[in-house]
Amino acid sequence: MDYLELFLEYLQVELGLSENTQLSYLRDLRLFCKAFGLQEKDLAAVERQQIVRYVTDLKMKGRAAATIARKLAALKAFYRFMVQEDYMPSDPAEAVEAGTKGTHLPKVLTEDEVEALLSAPDLTTAEGLRDRALLEMLYATGMRVSEIVNLKVENVNLEMKYVLVFGKGSKERIVPLGSVSAGYLERYLKEARPTFFVKDEEDPQTVFIGLGGQGLTRQRVWELIGQYGRNAGILKHISPHMLRHSFATHLLDNGADLRSVQEMLGHADISTTQIYTHLTNKRLRAVYEKAHPRK
């Protein structure tokens, strides 16, 4: 798997970083690989000790503090991406530097912001109905963007309200589908999806398609979510993964247990899911500080 190519796409579409920053990150990651004689595919097996050694070697060579900080920032951004996309169970760069700010907490939408985002598509058009079903499903299931663009019609059960999802390493999991999401999905499949086909076009059997019957790409989903976020007046830079983070956080906020959320997200290791408890705890602390008379 070409992790650097996927990372570059993430920097471009999800983070919207400048071309110079993108190239700088890739250059620093390739220099890190060169320092240890690694192939790009080996980046998924890097351990914390290697990153510590790399930073130590840079200091021993007398590299400027700003240079070291930049190189470490590239590694931190890359490994946050690797964990976020579940290519790795834990982040080897998370606590390498002294004075780290601690665990990187995912950014989430409030429930009001989610409502505004989901209401943004125009339901009088086929594209709008498709996009409403897409947004509803992302928030209702916590699916990764790669999972939703590859979702097959045969793996959706509207009667029982669940989807069969194939995640990393083709591991499958069953994720419940709420009534609202199922309702919009059913409308899309019956009313809008058939209109996207050109006569005699072969059906790709993927749920979400565009004009001409071609499946939506990851990048197109990112673009749609960003567009609807702006239309809804949301100032945050919204990505598909932010909806995944919001799905998990709102479940925990409303009493779901961690193990169930882990299963729905498809995390191999529960420690990956525990990041959301940190976010929930932080939110509880803010509520306490604001409301308790003897805070």
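The values are calculated or read from the model by the stated rules, or taken from the named source; none is laboratory data. For clarity, every value in this text was computed on a predicted model and none was experimentally measured. With ideal geometry, Cβ positions are generated from the backbone for all residues, glycine too; neighbour counts draw on all protein chains shown. All accessible areas refer to the heavy atoms of the entire protein, side chains included, with ligands and DNA or RNA removed. Shrake-Rupley method; radii C 1.70, N 1.55, O 1.52, S 1.80 Å.
Answer yes if at least one residue in region 277-294 is among the aliphatic types (A, V, I, L, M), modelled with pLDDT under 90 and crowded, with 16+ Cβ neighbours inside 10 Å, and no otherwise. Looking for residues that are among the aliphatic types (A, V, I, L, M), modelled with pLDDT under 90 and crowded, with 16+ Cβ neighbours inside 10 Å, one finds at least one in region 277-294, hence yes.
Screening residue 235 on (1) open to solvent by 10 Å² or more (accessible area, probe 1.4 Å); (2) more than 20 Å from residue 11 (Cα to Cα) shows it passes everything except condition (2). Taking (1) within 22 Å of the chain's Cα centre (by Cα); (2) open to solvent by less than 20 Å² (accessible area, probe 1.4 Å); (3) modelled with pLDDT under 95; (4) not charged (D, E, K, R) in turn, residue 58 satisfies each apart from (1). Name the single residue that is most open to solvent (accessible area, probe 1.4 Å) among those in region 199-232 being among the aliphatic types (A, V, I, L, M) and touching a strand residue (DSSP E or B) at 6+ places or on another chain (Cβ under 9 Å). Only one residue tops the list, namely 216. Within region 14-49, being open to solvent by 30 Å² or more (accessible area, probe 1.4 Å), within 22 Å of residue 219 (Cα to Cα) and either at pLDDT 90 or above or under 22 Å from the mean Cα position of the chain (by Cα) (or both) holds for 15, 16, 17, 18, 19, 21, 23, 25. Residues in region 190-240 that are among the acidic types (Asp, Glu) and touching a Lys or Arg at 6+ places or on another chain (Cβ under 6 Å): 0 in all. Residue check, residue 175 against (1) in a helix (DSSP H, G or I); (2) within 25 Å of residue 108 (Cβ to Cβ); (3) open to solvent by less than 20 Å² (accessible area, probe 1.4 Å), all met but one. Which one? Here residue 175 meets the rest and fails (1).
Pull up region 208-241, narrow it to residues that are under 13 Å from the mean Cα position of the chain (by Cα) and aliphatic (A, V, I, L, M), then point me to the one that is modelled with the lowest pLDDT. Of everything passing the filter in region 208-241, 238 is modelled with the lowest pLDDT. Is it the case that residue 191 is acidic (Asp, Glu) and either open to solvent by less than 20 Å² (accessible area, probe 1.4 Å) or within 25 Å of residue 245 (Cα to Cα) (or both)? Answer is no for this residue.
Give region 129-148 a look and list any residue that's among the aliphatic types (A, V, I, L, M) and over 11 Å from the mean Cα position of the chain (by Cα), or say none. Matches in region 129-148: 129, 133, 134, 135, 137, 140, 148.
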